[in-house]
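Beneath this line is the structure, given in structure tokens, with notes to follow.
The values are calculated or read from the model by the stated rules, or taken from the named source; none is laboratory data. Every value quoted in this text rests on a predicted model; they were computed, and no experiment measured them. Neighbour counts run over all protein chains shown; Cβ positions are idealised from the backbone, glycine included. Quick note on the areas: whole protein, heavy atoms, side chains included, nothing else; ligands and nucleic acids left out. Shrake-Rupley method; radii C 1.70, N 1.55, O 1.52, S 1.80 Å.
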Amino acid sequence: MSATAIRAREGLVAGFDELLGRPVSMRALALLRVLVGPIVLLHLRPFLADTLHGRIYSDAFYEPYAVWYPELPRAIYVGLLWLAAVAAVAMTLGVLSRVATVTTFAIVTYNLFLSTTHFHNNRAYLVIVLGVLAVAPCGRELSLDAWIRRRRGLPPLESTAPAWPLWLLRFECAAVYGASGMSKLLDPDWFGGTVPWQRAVQARGDLEGGPLPGWAISIVTNRDFYTGAAKFIVLTELFIAVGLWWRGTRYAAVWVAVVFHVSIQATAAVEIFSVLGIAVLVIWAVPSTRDRVLRIDPTDARQRRWRAVVRRLDWLARFRLEEAAPGSRLELVDRDGTVIGGTPASARLLSRLPLTAWFALPALILRRERGGES
Amino acid sequence: VRVARRVVVLAVVAAQLAFVVRGYSSDHKPFAFQMFPESSMWQADVVRVTADGRRVPVETPWAGYHWNALVGNVGLKYPSVRHHADAGLDNQMAFLRSALDWVADNTPRDHETRYLEATVTSWHNADPPRVQVFRSHVR
């Protein structure tokens, strides 16, 4: 190998190491940790309900992946499931965050691999998410651990950490949409519309019992409709998978992903896939905190309300609040120093808060297209 | 630390890609994220074949056992009714084959059944129907 090639390879490796080790905010993963606890409880609910009726997986057909995989005595297995539920609650509250998250991950993963009959895509995705949360220091914010530390007068722990868990989860998130879209793209029956059309026809009885009018049912069970609709569905999944990676398309991809998940939830039984899919989207926020400033006039009641909104809903800690002189308008200073005020500032603010982003993003995109915002 | 980090990340990425590729050939497709893959349907006549040659449908409870209670929640209840194969036909047939063996092995009060047999009619998407016969091992 020539010296130039060696240097190029070393440069590539060094760049890769820098990318993985770059300190970034763990705030998005902390928020995800909070959101995932209730999702774990939803996931565990059927298993826990069975235990309350005296049943566990081995009372009906099950199929271990490997003969060597350890199976626990009934009482210990049941105890573990309930321990996972307790750990999930502790994980969300941030009590012994790391221990709680690792415990939740370990038990949910153990349970998934007990039998091929336990496997579902949404559960696999949950295991991946829990695995990343277990290795990331995501309990230093939005946690009772952090609150107790403050109460004791101890300095807060560093809220940044090497970026690799975040990049890994972003890869997995994109892989879920990419793999799903690609499998449909490569299947002529799917891409040509046969599969979704037949599924709609198979569900015609349910559709007729639902709120859709007759003309809409005629359309969604029409073969020709799926010649185009199938391609639209496949390209939507692939757009989400690719669009999340670039800043220019990320907001649109997140917006489309939310619509995609809500549509799936309304039309199919997918267990926790929709809520998990939407929750994980928070990881696509730029991993830095308090790098935007919101200036408010504390004498103005309307601006005080905006301050209250930010205090309550800025879960990703994107804004720093500063007081402006009396009589000033609401101002937002963006990362690049751009200052905007009034209604555009309000729209931009709402587009950066997790709970309101989906509703505010279309307005923001429209404004940008009309040249209303630099 | 750098090397460990590099190894972990590359291993996870490689494993994920391998699972995605493997999903195109495996029955259960773990971590392949192939969602809503088929519109395929299936229906099966599942019988117990007894030592004296009788073929008794499993819809009839036997020795205190009920087929629907034995097979759990993997889409195998009421097999004589036409069902959608939720995660694809290969996945559903793999479950059915394994379930026949599991039921044969886990019904100790049953002293008359030699084996279970399923005559399956399946429709892969819009393809013509295909008939297959699966048998459990002999008890």
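Looking for something touching a residue at least 40 places away in the same chain (Cβ under 8 Å), touching a helix residue (DSSP H, G or I) at 6+ places or on another chain (Cβ under 7 Å), aliphatic (A, V, I, L, M) and within 14 Å of chain B (Cβ to nearest Cβ) - is there at least one such residue anywhere in the stretch A:51-59? Among the residues of the stretch A:51-59, not one is touching a residue at least 40 places away in the same chain (Cβ under 8 Å), touching a helix residue (DSSP H, G or I) at 6+ places or on another chain (Cβ under 7 Å), aliphatic (A, V, I, L, M) and within 14 Å of chain B (Cβ to nearest Cβ), which makes the answer no. Screening the stretch A:203-257 for helices (runs of 4 or more DSSP H) wholly inside it with 2 or more residues that are under 21 Å from A:Val280 (Cα atoms) returns the ranges A:223-243.
Residue check: B:Val71 meets all listed conditions (1) more than 7 Å from chain A (Cβ to nearest Cβ); (2) of a type in the set (A, V, I, L, M, F, W, C); (3) in contact (Cβ under 8 Å) with a residue 24 or more places away in the chain but one, namely (1).
In the stretch A:7-50, the residue that is farthest from the other protein chains (Cβ to nearest Cβ) out of those that are assigned to a helix (DSSP H, G or I) and basic (Lys, Arg) is A:Arg27. Considering only the stretch B:99-110, state which residues are within 12 Å of chain A (Cβ to nearest Cβ) and surrounded by fewer than 19 Cβ atoms within 10 Å (Cβ to Cβ). Matches in the stretch B:99-110: B:Asp101, B:Asp105, B:Asn106, B:Thr107. Report whether or not A:Pro73 is over 30 Å from B:Arg2 (Cα atoms) and surrounded by fewer than 18 Cβ atoms within 10 Å (Cβ to Cβ). Yes.
Each residue in the stretch A:57-75 was checked for being of a type in the set (Asp, Glu) and in a loop (DSSP other than H, G, I, E, B), and 2 pass. Can you name every residue in the stretch A:76-124 that is outside any helix (DSSP H, G or I) and open to solvent by 30 Å² or more (accessible area, probe 1.4 Å)? Scanning the stretch A:76-124 gives A:Val95, A:Leu96, A:Phe113, A:His120. Does A:Glu172 meet the test of being among the charged types (D, E, K, R), open to solvent by less than 60 Å² (accessible area, probe 1.4 Å), facing another protein chain (nearest Cβ under 8 Å) and in contact (Cβ under 8 Å) with a residue 24 or more places away in the chain? Taking the combined requirement at face value, the residue satisfies it.
Restricting attention to the stretch B:28-58, the residues that are within 12 Å of another protein chain (Cβ to nearest Cβ), in contact (Cβ under 8 Å) with a residue 40 or more places away in the chain and open to solvent by 60 Å² or more (accessible area, probe 1.4 Å) add up to 0.
Going by the structure shown, is A:Ile272 under 16 Å from the mean Cα position of the chain (by Cα), within 18 Å of B:Asp86 (Cα to Cα), open to solvent by less than 30 Å² (accessible area, probe 1.4 Å) and within 11 Å of chain B (Cβ to nearest Cβ)? The answer is no for A:Ile272. Has the stretch B:65-72 got at least one residue that is closer than 20 Å to A:Tyr57 by Cα and touching a strand residue (DSSP E or B) at 6+ places or on another chain (Cβ under 9 Å)? Scanning the stretch B:65-72 turns up at least one residue that is closer than 20 Å to A:Tyr57 by Cα and touching a strand residue (DSSP E or B) at 6+ places or on another chain (Cβ under 9 Å).
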